[in-house]
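The values are calculated or read from the model by the stated rules, or taken from the named source; none is laboratory data. None of these values were measured; they are calculated from a predicted model. Reconstructed Cβ throughout: ideal geometry from the backbone, glycine too, with neighbour counts over all protein chains shown.
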Amino acid sequence: MIMNKDYWSSRYKKQQTGWDIGEASRPLIHLFETIENKNLKILIPGCGNAYEADYLYHIGFRNVFIMDIALEPLNEFRLRNRTFPESHILQEDFFKHQGKYDLIVEQTFFCAISPELRQSYVEKCFELLKDGGKLIGVLFDREFEGGPPFGGNKNEYLRLFKTHFEEVLIQNCYHSIKPRAGSEIIITCDKAIS
C-alpha cells in the first residue's frame with residue numbers, strides 16, 4: 001500500500017476517517033493547559049482536521065503551524081477558522097519540511113505512517129526542534145491488524161525516541177475517550193540545549 005497524498009485525500013473524500021474524534025484530544029488539552037508561554041512556535045504535523053490547533057489558537061497561542069499532505073482536511077480547517085493565518089497552514093510532506101519549532105505536537109500522525117518511517121520521523125522531529133524544544137503527544141499502546149493505524153508499545157517507543165532525545169518520558173494516559181481508554185500513552189521528548 002502506498003500511503004501518499006492521493007491515498008490520504010481519498011480517505012477524506014470517502015469520509016474514511018475513523019481516527020477523527022471531532023474535537024481536540026482530551027489528553028492533549030490537559031498537556032496544553034500546563035504550557036504558560038503562549039509565544040511558543042508550535043508545529044502539528046499530519047494534523048488532519050487539526051482540532052488541537054483550533055483549541056490552541058482560541059486560548060491565545062498565535063504561533064501555531066499545521067501541516068498535512070492532504071488538502072481536504074486543511075480546507076475544512078480553513079472553513080472553521082477564518083482568522084487563522086494562511087501562512088501557518090502548510091500542505092506539504094513532513095519529511096521534506098524545513099523550519100525550527102519550540103514544540104511539536106503528535107496526534108495520530110505517528111500511527112498513520114508506515115512503521116518503516118518511524119526512525120525517520122524521530123530524526124525529523126529532532127531536526128525541526130530548536131535546542132530546548134519538546135515533542136509531546138499521544139501514542140497507541142496496542143497492536144492493530146494491518147494498518148493504518150499502526151500500533152506499538154512503550155518499550156519500542158523508548159528505544160526509538162532515545163536514539164535522538166536525551167529525555168524521553170512515557171506516562172499512562174488518563175483522559176482518553178472511551179473507545180481508546182487503556183490503549184493510549186503520553187510521550188514527552190526533550191531536546192537538550194547544546
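Looking only at region 156-163, decide whether some residue is buried (at least 16 other Cβ atoms within 10 Å of the Cβ), part of a strand (DSSP E or B) and aromatic (F, W, Y).
No.
Within region 130-141, can one find any residue that is buried (at least 18 other Cβ atoms within 10 Å of the Cβ), touching a residue at least 12 places away in the same chain (Cβ under 8 Å), among the hydrophobic types (A, V, I, L, M, F, W, C) and part of a loop (DSSP other than H, G, I, E, B)?
no
Answer yes or no as to whether L79 is assigned to a helix (DSSP H, G or I), touching a residue at least 40 places away in the same chain (Cβ under 8 Å) and over 16 Å from the mean Cα position of the chain (by Cα).
no
Can you tell me how many residues in region 82-92 are under 15 Å from the mean Cα position of the chain (by Cα) and either surrounded by fewer than 13 Cβ atoms within 10 Å (Cβ to Cβ) or not in a loop (DSSP other than H, G, I, E, B) (or both)? Before you say what the answer is, go through the steps one by one.
Here is the first cut: in region 82-92, the residues under 15 Å from the mean Cα position of the chain (by Cα) are 89-92.
Still in the running and either surrounded by fewer than 13 Cβ atoms within 10 Å (Cβ to Cβ) or not in a loop (DSSP other than H, G, I, E, B) (or both): 89-91.
Counting residues in region 82-92 that are under 15 Å from the mean Cα position of the chain (by Cα) and either surrounded by fewer than 13 Cβ atoms within 10 Å (Cβ to Cβ) or not in a loop (DSSP other than H, G, I, E, B) (or both) gives 3.
Regarding region 171-194, can at least one residue be identified that is at pLDDT 95 or above, in contact with a Leu (Cβ under 9 Å, 6 or more places away or on another chain) and farther than 27 Å from I59 by Cβ?
no
May I ask you to list pairs of residues, at least six apart or on different chains, whose Cβ atoms are under 6 Å apart, with the first in region 105-118 being part of a loop (DSSP other than H, G, I, E, B) and the second being surrounded by fewer than 21 Cβ atoms within 10 Å (Cβ to Cβ)?
The qualifying pairs are T108/W19; C111/F140; C111/P149; C111/F150; A112/P148.
Just to verify a result, which residue in region 36-59, among those that are in contact with a strand residue (DSSP E or B) (Cβ under 7 Å, 6 or more places away or on another chain) and assigned to a loop (DSSP other than H, G, I, E, B), is surrounded by the fewest Cβ atoms within 10 Å (Cβ to Cβ)?
K41
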